[in-house]
1. If GLN98 passes every condition in (1) in contact with a Gly (Cβ under 6 Å, 6 or more places away or on another chain); (2) in a helix (DSSP H, G or I) but one, which one does it miss?
2. Being part of a helix (DSSP H, G or I), farther than 27 Å from LEU80 by Cα, of a type in the set (A, V, I, L, M, F, W, C) and modelled with pLDDT under 95 is the requirement here; does ALA156 meet it?
3. In the set ILE86, ILE57, which member is assigned to a helix (DSSP H, G or I), in the same structural domain as SER130 (by TED's automatic domain parsing), modelled with pLDDT of 85 or more and under 21 Å from ALA193 (Cα atoms)?
4. Mind checking which residues of the range 168-184 are farther than 14 Å from ARG128 by Cα and either under 45 Å from the mean Cα position of the chain (by Cα) or not assigned by TED's automatic domain parsing to the domain that holds LEU118 (or both)?
5. For the range 56-87, name all the residues that are touching a helix residue (DSSP H, G or I) at 6+ places or on another chain (Cβ under 7 Å) and of a type in the set (D, E, K, R).
6. Condition (residue is surrounded by fewer than 18 Cβ atoms within 10 Å (Cβ to Cβ) and touching a Leu at 6+ places or on another chain (Cβ under 8 Å)) applied to the range 134-155: is it met by at least one residue?
7. Only one of LEU70, LEU80, LEU149 is modelled with pLDDT of 90 or more and in a helix (DSSP H, G or I); which?
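The values are calculated or read from the model by the stated rules, or taken from the named source; none is laboratory data. The model shown is predicted, which means the values in this text are computed figures rather than measured ones. Here Cβ is always computed from backbone atoms with ideal geometry, including for glycine, and neighbour counts include all displayed protein chains.
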Amino acid sequence: MLSIAFVPCAALLLVALFIGGFLVQQAIRDRDDAENGAMTMAETSRGIATLQRERSIALQAPGSRSATYLAYADRIDTSLSSLREIARTAPDAEIGYQQTIAVEVLTAVEGMDRSDSLAVAGIDDEGRRSYAAAVGAYRSRLDAVAGKLTESNRQAYRNLVASEDWSRFGAVETALSAATPPPVGQEAWRVAAGVVGRTLGQLAARQIEYSAQLAIDGGRRVLGGALASATAISLLAGVVMAIAMQLARRLPIPVIRCPSRVEATPEAWSRLVSDYAEKSTLLAHTSRGSGRADLSR
């Protein structure tokens with residue numbers, strides 16, 4: 001009986017251990033994916049900042065500015081596309097949403113830096129349309145994503161938009177797009193551009209850090225839940241096994257005896273001997289006479 005109870009209980013325990021191990025393994029994979037994605041986003045954003053600095057310098061050097069501009073734009077767009085893919089494949093919907101917002105902010109910052117690099121390098125009639133389009137695109141993107149930022153980032157953006165540097169920088173952008181003289185001098189313009197660029201860059205960095213921390217915390221939380229679930233499943237299977245084994249020990253075991261042959265009792269043997277003696281006597285008596293005995297009785 002113990003053997004009969006042990007086999008299904010042991011199978012149940014093995015299944016529980018397998019399920020628990022699978023949950024933990026999957027949680028570890030999700031945690032690693034979340035942490036790797038967060039690290040990749042941070043590294044890629046720093047790489048984009050480096051490319052932006054290189055572009056600003058390269059556009060001021062003699063040569064084909066159009067080719068230089070397009071080359072850096074393609075490299076940065078490729079990096080941004082990789083970040084969008086990370087956000088799209090995030091292990092959690094909230095993490096993916098926050099990462100998408102971070103990428104949108106970073107894209108807006110790139111649009112601002114791209115247009116500013118063109119302005120510093122000098123805008124001719126041919127490049128003015130590209131400049132105006134870049135300015136309109138990044139400002140529209142910022143307006144669209146501003147309401148989705150964290151509370152601290154929303155406040156930082158509101159402060160920037162209300163600042164004198166933002167107004168001064170925007171006024172120069174408007175003038176350059178319309179081919180009219182800028183309302184401020186070169187030095188004031190560059191100071192305002194530096195403040196706007198640094199503020200937007202810091203805003204993007206904080207948003208990326210927030211999404212990265214959210215991904216790391218989410219991965220660790222999933223792993224902790226998986227460990228707790230695996231432990232609970234294993235303990236439950238162990239308790240069930242212990243109860244089943246205990247009940248198996250207490251159950252009575254019926255013993256069934258199957259006789260191998262039918263043995264005659266002494267009383268039955270006496271009756272058989274008596275009948276045989278009676279028939280033998282009758283046979284002897286008949287053989288001395290002329291009749292035949294009926295032995296069928």
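1. Unmet for GLN98, out of (1) in contact with a Gly (Cβ under 6 Å, 6 or more places away or on another chain); (2) in a helix (DSSP H, G or I): (1).
2. Taking the combined requirement at face value, the residue does not satisfy it.
3. ILE57 is the lone residue from the list that is assigned to a helix (DSSP H, G or I), in the same structural domain as SER130 (by TED's automatic domain parsing), modelled with pLDDT of 85 or more and under 21 Å from ALA193 (Cα atoms).
4. PHE169, GLY170
5. Passing the criteria: ARG65, ARG75, ARG84.
6. no
7. Going through LEU70, LEU80, LEU149 in turn, the sole match is LEU80.
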